[in-house]
Protein chains: 2
Amino acid sequence: MWLSAMAMLWQVEPLNEGAGFLWLALGISVLALLTVFYFAQFVLRADTGTEQMRTISDAIREGAEAFLRRQYKTIGILSVVLAILIFIGYKVSPRNAPLATKTVIAFLIGAACSGLAGFTGMYVSIRANIRTASAARTSINNALRIALRGGAVTGLVVVALSLLGVGLLFFFFGGLATPREVPYQVVGFGFGASFVALFAQLGGGIYTKAADVGADLVGKVEAGIPEDDPRNPAVIADLVGDNVGDCAGRGADLFESTAAENVGAMILGAALYPHFGLKGILFPLVARAFGLIASTVGVLIVRTDEKEDPMQALNRGYYVTTVLAIAGFAVAVHYLLKDNWWFLGSGVVGILTAFLFVYITQYYTEYRFRPVSSIAKASLTGPATNIIAGLSVGLETPALPVIVIGAALMLSYWFGLKAFQGTTLSGISEYAKGIYGTAIATMGMLSTAAYILAMDTFGPITDNAGGIIEMSNQPEEIRVKTDRLDAVGNTTKALTKGYAIGSAALAAFLLFSAYLDEVKELVRGRLGAAASNFTFDTVNLANVPVFVAAMLGAMMVFLFSSLAIRAVGKAAQYIIEEVRRQFRENPGIMQGTSKPDYGSCVDIVTTAALKQMVLPGILAVGMPIAVGVVFRYFTGFHVSGGVPMIGGQPVNLVGAESVAALLMVGTITGILLATMMNNGGGAWDNAKKFIETGQYGGKRSDAHKAAVVGDTVGDPFKDTAGPSLHVLIKLLSTITLVMAPLFV
Amino acid sequence: MWLSAMAMLWQVEPLNEGAGFLWLALGISVLALLTVFYFAQFVLRADTGTEQMRTISDAIREGAEAFLRRQYKTIGILSVVLAILIFIGYKVSPRNAPLATKTVIAFLIGAACSGLAGFTGMYVSIRANIRTASAARTSINNALRIALRGGAVTGLVVVALSLLGVGLLFFFFGGLATPREVPYQVVGFGFGASFVALFAQLGGGIYTKAADVGADLVGKVEAGIPEDDPRNPAVIADLVGDNVGDCAGRGADLFESTAAENVGAMILGAALYPHFGLKGILFPLVARAFGLIASTVGVLIVRTDEKEDPMQALNRGYYVTTVLAIAGFAVAVHYLLKDNWWFLGSGVVGILTAFLFVYITQYYTEYRFRPVSSIAKASLTGPATNIIAGLSVGLETPALPVIVIGAALMLSYWFGLKAFQGTTLSGISEYAKGIYGTAIATMGMLSTAAYILAMDTFGPITDNAGGIIEMSNQPEEIRVKTDRLDAVGNTTKALTKGYAIGSAALAAFLLFSAYLDEVKELVRGRLGAAASNFTFDTVNLANVPVFVAAMLGAMMVFLFSSLAIRAVGKAAQYIIEEVRRQFRENPGIMQGTSKPDYGSCVDIVTTAALKQMVLPGILAVGMPIAVGVVFRYFTGFHVSGGVPMIGGQPVNLVGAESVAALLMVGTITGILLATMMNNGGGAWDNAKKFIETGQYGGKRSDAHKAAVVGDTVGDPFKDTAGPSLHVLIKLLSTITLVMAPLFV
């Protein structure tokens, strides 16, 4: 199948104008979707184990599907409301009105594609868990392959749908005829994707941790029964949570990353149109398509045997994917970017950044290293010192990632400048050249996204498989096998979070630039010839309103985290009360004579999570719009004497500039806080696991109790607030892109 | 005495050129120092109680003085090393060489004045504690007045010495002859003050919390003896810690605020020289001097009776101080700023900001309100939920302060613009006018600093008095009295932290502007006539190196907090081991038959705190310098084609601009994190106290145990990392001011 794609590649060469590359990218994404069907069939054909296993798996599946249905309904309603508001917002001003329909269509299609990707991935994941469990009874290789290919469904469908969506919108909006304008009209797609991602990640994150904390506090602490014990009424809700949080949530997160990056990079490519023509605009799509091929091959080659560490097998796949991604990049640079190898350099910088993030995350979250072992040691003097040590580690963790991102930005920018050295191009600023280099680094980083996402979704599938084995009373040696897979899944989940925040950080700069470009185009479009040389490339923190907006951006990130964490606490309260009620009213549950009502717990946490996700969601969407719309009236502060004149006409830019500052400083703060929470939470978790291996007194020691406190504190950090911040960062970028016309 | 000052005021009017106002400000600061002697005498004349009380008090005094001596010795060595480095750094470049001597002298005098202020305040505080304790045996009014006047010594000496130092340097550097240049030469004074403040606050903060955590963990938790029990070998170290952390540390913090603000506002005044002449430059000094008078009167009128809540009495003094400060401001505006009442508006904005910060802090830290009570309630489900609730509250707390600061900045900027409306002034930018408005708001906010600081130092004095009463086995009714004073002291300590961070935030913008102004002057000075119209007022986050520096600034704040918190943990370990050793080797201690060795604990924590303060200190000082010096070579990234040309000559500004971004975004992040830590820590503390009043099971319940965990976690937040961040923010400002010549 892929051979035919390669053959196409060589054939399109004659279509030198570039349009053929659009069809190539779309063709590859369709092939990727066919591969998804193949993987899904591979999973669904597998054996589903015993009757008892199926009962548990069915309960998880029903809970997850019920949550997803209700969540999508809520998100659907919110999306339609927002679509109407966007439409009205655009229609109010005569100069924005022509864009209203296209923006709203793009927004709704982006939202729908994200939902579809999430639903498909989930559909297969919650069916892969039992098949993984069943396969683990005979062959760890089969179990591994079922889990990874189940995860690959999410990975491929996410990347392929975002590519297909952007590509088709570009085509139908007339991108082949007016390639320099259409990328701006596609921004709604990215915003739709972020909007769905925000709620998917928030709702899923609140769900998973409320169920987890609730199940643990009543089950483990109050009733003294082990984790995943079938007597705990909240146990199914807990297993459902792994799917809706880690699987559907992270899928939406990376759907959003690839969608926003596609759109942002096309906008930057449009700025270089005089040099590359259509090809510079299509490059992101082609590079992404090659990444899909690389990831598919990576997934296909993964196999292991009974003895090998399964992580080794997954890593082999990752290395193959990386090498193929670099090769694909080189081919794309050859055909689309005039053989300019500096751009390949930028791409390699991005791929290396992904690698470094993976290693840094390991350093901070694996117990072989100083950070986690220092937390474990601090547990000896009780929960307070465990928390202090964990917070100290958490606050330390952003340091290296920030240095890596800073170096990657500067290096890829420099490669971008180098790429154009010697070519004189009128109308293209030095800035646009350098930024295109950073855009290509982001493409490099995201070229392995489908594989990374497959590894990530592997996590909840094996976690659930372990739960099913545990609850269906399988023999000890099978548990050992699923535990091995589950441990690998924990690692891949942590790595993906590092990767997701890293790619969000790198993509952020590209999206800032796309926003600045869009404002420039808006002003040029309004003023016509009078402003044909107008540029907008300054976000001046020394201006009072801009500085104040920057403070508000940073503050918003803190407040959002506070609301997300509080939401978990509130939703957990409902679960705790329900579990206590069931234990009280039905004593047979604890004696094992009667079955707890799993459904009511699932139902309660579903309602609570959906309710609690609304307030932080409104803050995230409302605040950048409010600042942009209100601050545009503070021009008097900006430059006294009122609105500046451009080409003889007044143009008010303080709102647009303030929003940019909110976006940039909000992003910086978000990256730091998310890194702190993801890694801090992971470190607490593994400090507990380290003690459970027998260190410092082992299980049931006082040190272990202290470490359990740290682990519980880390849960909403690493699985609710942290991942939601990734999405918040990208939402800020896409919302400002879409709403830019309202700020000028 | 003050009457003669008032008389002087009216007489200087004929000296209309303004020089007389310098003498007025200096005269008032000398009078304030005389008042310090009067207050010190008032305290020292008081009765020192029983022999047993004196024994305890002597131990605290010796411990505190020993720590201060060794701390100042360490800081002195570091200061001399840094002075030599500054001297060499300036001398290397021929264009900076002429400023080397003046900068180093100003730096050393600033450092020395800060040390002297800290020493004087501490000298009286550690003698006021026993006298307050003794007075509490007869009259709460006497006890209150001794404690407040003891605190006022710190308050007045801090503000007066910073005024005197800046004023005298201005005079001796020839400010009356060349008033537009000299303010830039005084910046070293502010940097010296910040440098000492950083280490005083860090060292003191580490000391106080290491002793506190150590004493609690072994005493309360392991040995089961109450707080302040004389059998605990670490109890004296704990009481010493209150003095060196809260009293000496916060004194240095606010010394730095007033010094930096004096210098920064004079620089901005220099920009307005064409309009106000010398008077605009001297206004900050005169306004500060009037604030000294207002604070002294406020302290003098405070008295209470046996029934009244002592907080009422302190608040009365604060209201009187505030009203007098506004009146003094009006007089200063009348004589120095041409009766331009818009400036009074700016001043009032600052004073109102101080008020709002005080109220917001109360909302987040008093148990009457939702935040603290939610933490107390969460303690019912254990330490994990207590911590989650506390972190959620902590992350929420920056929201309102950021909005208040944002509004204050915008409003005072607007008043600044209004003040100049209609006047056409050549060579003065709109920006300089608006910023002068924000500078005046900062002066307003700091005009009550001496009184606030007196209230703050009241805290450790009454805390120590309570400890002395407790340890010397006084009757219950006297304990009740000192407990009342101690509770008031806890409130005033929390309020001062809110005030200190608020004033740091407001002052920050003024210091940014002073930095931009200084870079402008440096460039103009180098290029002469070619650049006479050059301005430097852009810190463009859209430039890659500037954005990367901004990320590094934010990262640095996180890393610094991490190091500060970890330092407490490490130092506490030493104490824990020492106390355990004493209990083990001398069983008579626990039986009450033999006296523990308090001195060795004091000694160990002194050594540990001084050692642990070095690493975060080096980070704070080294990173902005490193970024400035390294990033100036990244000009190629900034604008390709190399260094921009100004007036026909190449001028490299990317280093200076990057440092500005590091400074601004570091400041924003620092304000947020400090607010989170100060208020979060205070909320945890009071949630515990709330439970101790009998809520949720009261003392010794499980909820109480959970709340103790939260309180312990909050300790290094609110007393080490949080307050150190205040100083870090200001150090960033002054270090960039002093080092600016190296970045251009």
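The values are calculated or read from the model by the stated rules, or taken from the named source; none is laboratory data. All of these numbers come straight from a predicted model, not from anything done at the bench. Here Cβ is always computed from backbone atoms with ideal geometry, including for glycine, and neighbour counts include all displayed protein chains.
Could you pull out the residue among A:625, A:618, A:589, A:565 that is β-branched (Val, Ile, Thr), crowded, with 21+ Cβ neighbours inside 10 Å and either under 19 Å from residue A:204 (Cβ atoms) or at pLDDT 90 or above (or both)? Quick ask: steps written out before the conclusion?
Numbers: A:625 fails: crowded, with 21+ Cβ neighbours inside 10 Å; A:618 fails: crowded, with 21+ Cβ neighbours inside 10 Å; A:589 fails: either under 19 Å from residue A:204 (Cβ atoms) or at pLDDT 90 or above (or both).
On inspection, the qualifying residue turns out to be A:565.
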List the pairs whose first member sits in the range B:534-552 and is over 26 Å from residue B:434 (Cα atoms), whose second member is surrounded by 24 or more Cβ atoms within 10 Å (Cβ to Cβ) and polar (S, T, N, Q), and whose Cβ atoms are under 7 Å apart, counting only residues at least 6 apart or on separate chains?
B:545/B:658; B:549/B:658
Total residues in the range B:415-456, condition aromatic (Phe, Trp, Tyr) and either modelled with pLDDT of 90 or more or in contact with a strand residue (DSSP E or B) (Cβ under 8 Å, 6 or more places away or on another chain) (or both)
2
Residue check, residue A:502 surrounded by fewer than 19 Cβ atoms within 10 Å (Cβ to Cβ) and part of a helix (DSSP H, G or I)
no
Taking the range B:90-120 and the residues there that are touching a Pro at 6+ places or on another chain (Cβ under 8 Å) and crowded, with 16+ Cβ neighbours inside 10 Å, the one that is farthest from residue B:606 (Cα to Cα) would be B:96
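The rows are residues; the columns are (1) outside any helix (DSSP H, G or I); (2) more than 27 Å from residue A:460 (Cβ to Cβ); (3) modelled with pLDDT under 90; (4) of a type outside the set (S, T, N, Q).
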site: A:142; (1), (2), (3), (4): no, no, no, no
site: A:152; (1), (2), (3), (4): no, no, no, yes
site: A:157; (1), (2), (3), (4): no, no, no, yes
site: A:167; (1), (2), (3), (4): no, yes, no, yes
site: A:175; (1), (2), (3), (4): yes, yes, yes, yes
site: A:179; (1), (2), (3), (4): yes, yes, yes, yes
site: A:183; (1), (2), (3), (4): no, yes, yes, yes
site: A:197; (1), (2), (3), (4): no, no, yes, yes
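Mind checking which helices (runs of 4 or more DSSP H) fall wholly inside the range B:387-482 and carry at least 1 residues that are at the interface with chain A (Cβ under 10 Å from one of its Cβ atoms)?
On the way: elements: B:399-419, B:430-446, B:449-471.
The qualifying helices (runs of 4 or more DSSP H) are B:399-419, B:430-446.
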Just checking, does the range B:1-19 include any residue being part of a helix (DSSP H, G or I), modelled with pLDDT of 85 or more and not small (Gly, Ala, Ser)?
no
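Look at residue A:677 and say whether it is modelled with pLDDT of 90 or more, under 28 Å from residue A:522 (Cβ atoms) and within 11 Å of another protein chain (Cβ to nearest Cβ). Full working, then the answer.
Numbers: modelled with pLDDT of 90 or more: yes; under 28 Å from residue A:522 (Cβ atoms): no; within 11 Å of another protein chain (Cβ to nearest Cβ): yes.
It is false that residue A:677 is modelled with pLDDT of 90 or more, under 28 Å from residue A:522 (Cβ atoms) and within 11 Å of another protein chain (Cβ to nearest Cβ).
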Starting from residues that are surrounded by fewer than 24 Cβ atoms within 10 Å (Cβ to Cβ) and without any contact (Cβ under 8 Å) to a residue 24 or more places away in the chain, keep the ones in the range B:387-409 and report whichever is farthest from residue B:435 (Cα to Cα).
B:399
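So, of the residues in the range A:101-118 that are of a type in the set (S, T, N, Q) and in contact (Cβ under 8 Å) with a residue 60 or more places away in the chain, which turns out to be nearest to residue A:65 (Cα to Cα)? Talk me through it step by step, then tell me what you get.
So in the range A:101-118, the residues of a type in the set (S, T, N, Q) come out as A:101, A:103, A:114.
Add one more test, that the residue is in contact (Cβ under 8 Å) with a residue 60 or more places away in the chain, and what stays is A:103, A:114.
Details: A:103: 31, A:114: 16 Å.
Checking each candidate, the answer is A:114.
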Given the range B:265-337, what helices (runs of 4 or more DSSP H) lie entirely inside it while holding 1 or more residues that are within 30 Å of residue B:522 (Cα to Cα) and in contact with an Asp or Glu (Cβ under 8 Å, 6 or more places away or on another chain)?
B:278-301
May I ask you to say which residue of A:536, A:509, A:560, A:547 is within 13 Å of chain B (Cβ to nearest Cβ), surrounded by fewer than 24 Cβ atoms within 10 Å (Cβ to Cβ) and either of a type outside the set (Asp, Glu) or not in a helix (DSSP H, G or I) (or both)?
A:536
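Any chance the range B:514-522 includes a residue that's within 27 Å of the chain's Cα centre (by Cα), more than 12 Å from chain A (Cβ to nearest Cβ) and in a helix (DSSP H, G or I)? Spell out how you get there, then give the answer.
Of all residues in the range B:514-522, those within 27 Å of the chain's Cα centre (by Cα) come to B:514-519.
From what's left, more than 12 Å from chain A (Cβ to nearest Cβ): B:518.
Adding the requirement that they be in a helix (DSSP H, G or I) leaves B:518.
Taking every residue of the range B:514-522 in turn, at least one turns out to be within 27 Å of the chain's Cα centre (by Cα), more than 12 Å from chain A (Cβ to nearest Cβ) and in a helix (DSSP H, G or I).
So is residue B:470 of a type in the set (D, E, K, R) and without any contact (Cβ under 8 Å) to a residue 60 or more places away in the chain or not? Steps first, please.
On the way: of a type in the set (D, E, K, R): yes; without any contact (Cβ under 8 Å) to a residue 60 or more places away in the chain: no.
Considered against the rule, which asks whether it is of a type in the set (D, E, K, R) and without any contact (Cβ under 8 Å) to a residue 60 or more places away in the chain, residue B:470 comes out as no.
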Of the conditions (1) at pLDDT below 85; (2) in contact with a Gly (Cβ under 9 Å, 6 or more places away or on another chain); (3) surrounded by fewer than 21 Cβ atoms within 10 Å (Cβ to Cβ), residue A:574 clears all except one; give me its number.
(1)
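If we keep just the residues of the range A:563-600 that are among the hydrophobic types (A, V, I, L, M, F, W, C) and within 11 Å of chain B (Cβ to nearest Cβ), which is farthest from residue A:623 (Cα to Cα)?
Narrowing the range A:563-600 to residues among the hydrophobic types (A, V, I, L, M, F, W, C): A:563-565, A:567-568, A:571-572, A:575-576, A:579, A:583, A:589-590.
Applying the additional criterion that residues be within 11 Å of chain B (Cβ to nearest Cβ) yields A:563-565, A:567-568, A:572, A:576.
Numbers: A:563: 14, A:564: 16, A:565: 19, A:567: 19, A:568: 22, A:572: 27, A:576: 33 Å.
Checked the range A:563-600; the qualifying residue farthest from residue A:623 (Cα to Cα) is A:576.
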Could you list, in sequence order, all residues of the range B:367-386 that are more than 9 Å from chain A (Cβ to nearest Cβ) and without any contact (Cβ under 8 Å) to a residue 60 or more places away in the chain?
B:368, B:369, B:370
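Could you check the range B:182-205 and list, in sequence order, the residues that are touching a residue at least 60 places away in the same chain (Cβ under 8 Å) and over 16 Å from the mean Cα position of the chain (by Cα)? First the steps, then the outcome.
The first filter runs over the range B:182-205 and keeps only residues touching a residue at least 60 places away in the same chain (Cβ under 8 Å), leaving B:183-205.
Scanning the range B:182-205 gives B:183, B:184, B:185, B:186, B:187, B:188.
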How many residues of the range B:684-716 are away from chain A (no Cβ under 13 Å), in a helix (DSSP H, G or I) and of a type in the set (Gly, Ala, Ser)? The answer is 3
